[in-house]
Amino acid sequence: MGVSLGATVISTDALAKIGENKYSYSMPVNPSHTNLSKPVTAIIIGAGNRGSVYGGYAQKFPDQMKVVGIAEPIALRNERHSVRHNIPAENRFATWEEVLKKPKFADAVIISTPDNMHYEPCMKALEMGYDILLEKPIAPTERECRDILALAKKKNRIVGVCHVLRYAPYFVKMKELIAQNAIGEVISVQHFEPIEHTHMAHSYVRGNWHNSKNTTPIILAKSCHDLDIIKWVINKPAKEIFAMGDLKWFKRENAPEGSTARCTEGCKVERQCPYSAIKEYYERRTRTAVLDLPDDKTRHPEVIMERLKTTNYGRCVYRMGNDQPDHYITNIRFADDVTASFSMEAFTSYHGRRTRIMGSLGDIVGDMEELVVNDFKTRKQVVFVPKAEDVEEYKNSGHGGGDWLLVKDFVQAVSQQNPALLTSTIDESIESHIMGFMAEESRKSRKVMTVNM
Ligand SMILES: NC(=O)c1ccc[n+]([C@@H]2O[C@H](COP(=O)([O-])OP(=O)(O)OC[C@H]3O[C@@H](n4cnc5c(N)ncnc54)[C@H](O)[C@@H]3O)[C@@H](O)[C@H]2O)c1
C-alpha cells in the first residue's frame, strides 16, 4: 500500500494514518548507524545556552557521548556543568585558550562560544587533531570560513556545523518529498521566518547579538539556518542575490516620551510597553536563562531585579545603540532559474518558520507542524505530521528535534570517522554562509550580488 503524490509512491508502512489523508511518519533507522563500543568523549567550549543543549544530550545518552572537559569563564556555568558531567578539576578551564593548551584529551570539541569566537578555537582545535561540532555561524567572514574548511581538509578532520534544522524530521521530510519528485520540478520557494517581537527584543536588541560588528549580521546570526534550508531543499547552487532591510523601530527616535534608560528607573510608559523588561523577566519569568539565576528559587525576585539594574537585559529597547535590521527580505536566483524569496520579520506575535514550495506538478505548504502536499494531477491533498516516536524522544531539544538528532549523527560520524554521516558538514554549510555574506553586502550596497561558490 502506498500514498501516491506526483511521480512518487510513499510506502504506507512508514506512515500511520491519523485522519482523512493525514499521516504521521517515523524517521527510518539510519542503517549506517552502529552500536558504539564506547561513548565519544567531548570538551564543551562555551557552556552557555547551546553548550547546555549539547551537554544535555550527553546526560540523556551517556552510552553515546561523555563530556570530559569544559572551558567557560562564567564561574556559575562552569561549576554547574562540571558537576553535571562529573568533570575532574584538571579538565576545567575558564577559556578556550587554556583548555587548548593542554594536550589533546578527548575525541571532539564542541564550540559554542559567541559568534566572533568560533574561528580561533576551531583552527587551534583542528591543528591539535580534534573533530569539531561547531556552532553556526561558522565565522564572521568568508575568508575565515574558507580557512576552517581548508584546515579541516588538510588535517582530515570532521567539522559538523550546527545547522540543526537539517536534522529536524519536518525539514527532512520536506527535502525527501522534493527529492522524490512529489511536486515535480521545483520552480520557486517562499520562506518566512517570524522571529516574534519579544524574542527579537531579547536577543537582537538587548541581547548578545545586538551589535552586528561585535557578533555577525542578523542574516547569519539568525537566518543562516533559513538560507541553508532553502539551498538544501532546492539542491542547486545560488547564482544571484538581492537583499533589503533596515532597523526601523528599535531606535532612539522611537523612544516614547517619559521612557528612561532602564525599565527600572521610573519609566512612565513601562506598564504599557510590550518590551518592558520588568514584565518579560520579572513578572512572566520568561527567557531568564541568560540571567544566571541561583539554584535557590526564593532569591530569584531579588536577583532578577538586580540584573535588570545592571545588565543589558534591563535597558530600554529604544536606547540600546543596536544595529541589527528588524525586517529583512532576500531574493535569490538559483541555477536553472529557480527562485526563492526569504523574509525575516521581528514584528510577529508568533514564531515558527513557514515555507511554500511551488513545483511543476504540485505544491507544499508547511508551518513546522505539518506539511500539506497538493498534487495538481489528482487534485489530492496529503498532510504529513512529524510526530513519530523518535521525534518525541528528541523533541525537547529544540528546533523540531533537530538539536539532538544532529548530535546523534555527529557522535556516529566521529565514532566511525565518517563525515558522510552528517548532512551539515563544513563543505555543505559554507555555501549557505556565502549566500549570507552576499545578502548582507547586497543590503548595504543596494546592488544585486553574483554568488561565487
Ligand atoms: N544552532 C542554533 O540553532 C543556535 C541557536 C542559538 C545560538 N547559536 C549560536 O551558538 C553560539 C553560542 O550561543 P549561545 O546562545 O549559547 O550564547 P551564550 O552566551 O549563552 O553562550 C556562550 C558562552 O561562551 C562563553 N565564553 C565567552 N568567552 C569564552 C572563552 N574565551 N572561552 C570559552 N567560553 C567563552 C560565555 O561565557 C557563554 O557562556 C553562538 O555562536 C550562537 O550564534 C546557535
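The values are calculated or read from the model by the stated rules, or taken from the named source; none is laboratory data. Remember, it's a predicted structure, so these values are computed and weren't measured experimentally. Virtual Cβ from ideal backbone geometry, glycine too; neighbours counted across all protein chains shown.
Reported count of residues in region 253-272, each being touching a residue at least 40 places away in the same chain (Cβ under 8 Å) and either closer than 24 Å to ARG84 by Cα or crowded, with 16+ Cβ neighbours inside 10 Å (or both), is 7. Could you list, in sequence order, the residues of region 334-371 that are among the hydrophobic types (A, V, I, L, M, F, W, C), in contact (Cβ under 8 Å) with a residue 12 or more places away in the chain and in a strand (DSSP E or B)? PHE334, ALA340, PHE342, MET344, ILE357, MET358, ILE364, LEU371, listed by residue number. LYS173: surrounded by 16 or more Cβ atoms within 10 Å (Cβ to Cβ) and charged (D, E, K, R), yes or no? So LYS173 passes the test. Out of all the residues in region 293-303, is one or more among the hydroxyl-bearing types (Ser, Thr, Tyr) and either touching a helix residue (DSSP H, G or I) at 6+ places or on another chain (Cβ under 6 Å) or not in a helix (DSSP H, G or I) (or both)? Looking for residues that are among the hydroxyl-bearing types (Ser, Thr, Tyr) and either touching a helix residue (DSSP H, G or I) at 6+ places or on another chain (Cβ under 6 Å) or not in a helix (DSSP H, G or I) (or both), one finds none in region 293-303, hence no.
In summary, strands (runs of 3 or more DSSP E) completely within region 63-172 and bearing 2 or more residues that are closer than 20 Å to PHE410 by Cβ and among the β-branched types (Val, Ile, Thr) occur at 65-71, 108-111, 159-161.
Looking across region 416-436, just one residue is small (Gly, Ala, Ser), assigned to a helix (DSSP H, G or I) and closer than 11 Å to ILE158 by Cα, and that is ALA420. Being out of contact with any strand residue (DSSP E or B) (no Cβ under 6 Å at 6 or more places or on another chain) and of a type in the set (A, V, I, L, M) is the filter; apply it to region 15-46 and report the residue that is surrounded by the most Cβ atoms within 10 Å (Cβ to Cβ). Among them, the one singled out is MET27. Scanning region 210-220 for residues that are surrounded by 22 or more Cβ atoms within 10 Å (Cβ to Cβ) and either at pLDDT below 95 or within 12 Å of the ligand (Cβ to nearest atom) (or both) returns THR216, PRO217, ILE218, LEU220. Reported count of residues in region 145-186, each being within 13 Å of the ligand (Cβ to nearest atom) and farther than 30 Å from ARG379 by Cβ, is 8.
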